[in-house]
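Here is the structure we will look at, set down as structure tokens.
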Number of protein chains: 2
Amino acid sequence: MSTLRRDPITGRWVINTDRTKDTSSSLTEMEKLSKKGICPFCEGNEKYTPSEIFALRNEGSEKDKPGWQVRVVPNISPALRVEGELDRRAELMYDLMNSVGAHEIIIEIPQHILNLADLEASQIQKVLRAYKERIQDLKKDKRFRSVVIFKNHGERAGTSAIKHTHSQLIALSITPKNLKEELKGAKEYYDYKQRCVYCDIIRQELTTKKRIVSTNPHFVAICPFASRFSHEVWILPKKHSVDFEQIDEELGLSLAALLKEVLLRLKISLDDPPYVFVLHSGPNRTFRRGGAWKTLEEDYHWHVEIMPGYARTGGIEWGTGFYIDSTTPEKAAENLRKVKI
Amino acid sequence: MSTLRRDPITGRWVINTDRTKDTSSSLTEMEKLSKKGICPFCEGNEKYTPSEIFALRNEGSEKDKPGWQVRVVPNISPALRVEGELDRRAELMYDLMNSVGAHEIIIEIPQHILNLADLEASQIQKVLRAYKERIQDLKKDKRFRSVVIFKNHGERAGTSAIKHTHSQLIALSITPKNLKEELKGAKEYYDYKQRCVYCDIIRQELTTKKRIVSTNPHFVAICPFASRFSHEVWILPKKHSVDFEQIDEELGLSLAALLKEVLLRLKISLDDPPYVFVLHSGPNRTFRRGGAWKTLEEDYHWHVEIMPGYARTGGIEWGTGFYIDSTTPEKAAENLRKVKI
């Protein structure tokens, strides 16, 4: 059984899976498929994945059969499992709980394409619709305090052996530390200034222009002032909004178009770099109203963070928590702006 | 000029170096040397590094000449510079300051050896003495709130092209986020229990024994309960102490012996993995007495963290701040204990 263990000093939670036991068979299965040249995420190979949780499908097509546009399946070797109770408990001075949660794979296209950047905007819009549906569904489950969607692109970025473009979703029983820090910082800023810090950033960036990568009527893409990684890009909705899953079809297409553009600019400018992208959306508020979330509607602002070539962290980052970025975001934004797409 | 930039949401500081400008020449120089088969860290090649800041030397030997045992030089392409004022300032809504600090290289042995694990304990003791001397010296400078020493071993762990075993030192004008979190967590624990959390961990681990890698009279090496990485190891002094630089010769040799043993166990068990090690020592208290540091002498406890093969972070870690460890620390400790050295 996987557990969530709490570091007694910093309060950081770690998912402990002991994969040596329970996934050797399934991982080997995937590797065997890869060696045979079979991609389990391609249309027609549905039998190689667990049964689908959700799919956007052509009319008349059947579950776990061809005819889908975007398909969501459970991770074959999940870090978290949906079944069971949290069972929060102690082991002498330490704290742990069962790692109950969801770990899903969003297969972004039926064809064997490797980079989200190469999909049509209309297809990316469907991917975003799948994100939205899954988040809305999972946030009904009061055990889950947050749902995080992310993507590892390229070999250095992740460990998955499957190259067919896909994203991952994790629903967690605790608010992730990263989101907690953002929520806390945004709330402090709001308490002090009575303004959303993200809205202030957008306003300032649109005025000074020097860190803008691109904009469209609904979204803005910037290289953030304190970029951790060279050519890091954030995409933010211009209109204040806490939860990604509130976007409508128009916003979805607008975001899809800008996301594609940014990923293409990164691909061309940096020669198809590995990247991680993470969707930062508000926490699940169904389990607790008022109190801690009192000002959340005003102070948090969902966004997407894209970190190219990020794997180059070393002792400085681990030792200090400081990141060293060897390109100024102003220069990075300029590089990305001048790419011809 | 490098700057320290503050993320307006989380307060995280980033060192922005713009290396494209000022280090192309020096980096190329190092690469050229490497291609010629010249190691600038080997005895006899002192002229290829900046002038030494500190060295343990054979009697009668001269500065920047052969005859040293451990040698400390400025980093040829430093992320921080010692000269100048911090000049804390704003750029509209953003906060930044000059990245004043020290960035030094500790060359651990005159011979071309690649892994600290392969040094004699008596040589590692000298390396630790150099750490101690440099920390003591730099903490006299009130501009520096903390001094962090770390080491990137193996290609995947860092970006340095030089393989000759060396550590790095960074002195910073702000307390690093990682240390801040530890200080805060340790203080909260102390305020609640009136005991040091690290002392409690040591006591419990020595009792349950299941996460012990090795012990000696002065130190204990454990796989921490909430390990972020498979086979992560912490080495802690059994006797409560805030600052590493207070160790005497006896403790130094004792730590050197255990550090060597742990690194050897990792090397043998995991087939010479890349690793990062970070020395976590108390912050510089010369610039501010009392107040924030009131209970520090009782609640913080210096230690060493060793993270093997750590580079495998991906979207989950970046998206959530959760780490996924696929080996239980109990199993990892067992693996490391049974290595024959």
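Throughout, read-outs are computed from the coordinates displayed, never taken from laboratory work. Note that the structure is predicted; figures quoted are calculated from it, not measured. Heads up, the Cβs are rebuilt from the backbone with ideal geometry, glycines too, and the neighbour counts pull from every protein chain shown.
Structure data summary
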quantity	calculated
Exam field: B:Glu59 pseudo-label spacings to other copies (7 Å along Cα-Cβ), nanometres	9.7
Positive minus negative residues near B:Pro74 (Lys, Arg vs Asp, Glu; Cβ under 10 Å)	-1
Stokes-Einstein D in µm²/s, Kirkwood radius over Cα pairs - region B:178-337 at 37 °C with 0.692 mPa s viscosity	198 µm²/s
Relative contact order, percent, region A:3-172 [alpha-carbon distance under 8 Å, six or more residues apart]	22 percent
Mean-position separation - Cα centroids, region B:245-260 and region B:170-202, in angstrom	22 Å
Position A:Glu85, label points 7 Å along Cα→Cβ, spacing to each other copy in nm (shortest first, one decimal)	6.3
Nearest-first distances (nm) between copies at B:Gln136, label 7 Å from Cα via Cβ	6.7
Sites excluded, GluC sites (Glu not before Pro) in DSSP loops with at most 11 other C-beta within 10 Å, longest stretch of chain B	B:86-341
Percentage relative contact order, region A:99-179, counting C-alpha pairs under 8 Å, at least six apart	47 percent
Cysteines not pairable in chain A (beta carbon separation under 4.7 Å absent)	A:Cys223
Proximal charge balance of A:Ile341 [Cβ under 13 Å; K/R count +1, D/E count -1]	+4
Per-q log10 I(q)/I(0), region B:3-172, q = 0.10, 0.16, 0.17, 0.20 Å⁻¹ (Debye; single scatterer per alpha-carbon; no solvent)	-0.42, -1.01, -1.12, -1.42
Cα-based Kirkwood hydrodynamic radius, region A:150-229, one decimal, Å	15.8 Å
Whole-number percent relative contact order across chain A, with pairs defined as alpha carbons under 8 Å at least 6 apart	17 percent
Kirkwood Rh, angstrom, the protein assembly as shown [1 / mean 1/r, Cα pairs]	26.5 Å
Cβ charges +1 (Lys, Arg) and -1 (Asp, Glu), total dipole of the protein assembly as shown, debye	520 debye
Cα-based shape type of chain B, given that a ≥ b ≥ c are square roots of the gyration tensor eigenvalues and the cut on a/c is 1.5	rounded
Proxy reagent accessibility, fewest Cβ within 10 Å first, across A:His103, A:His301	A:His103, A:His301
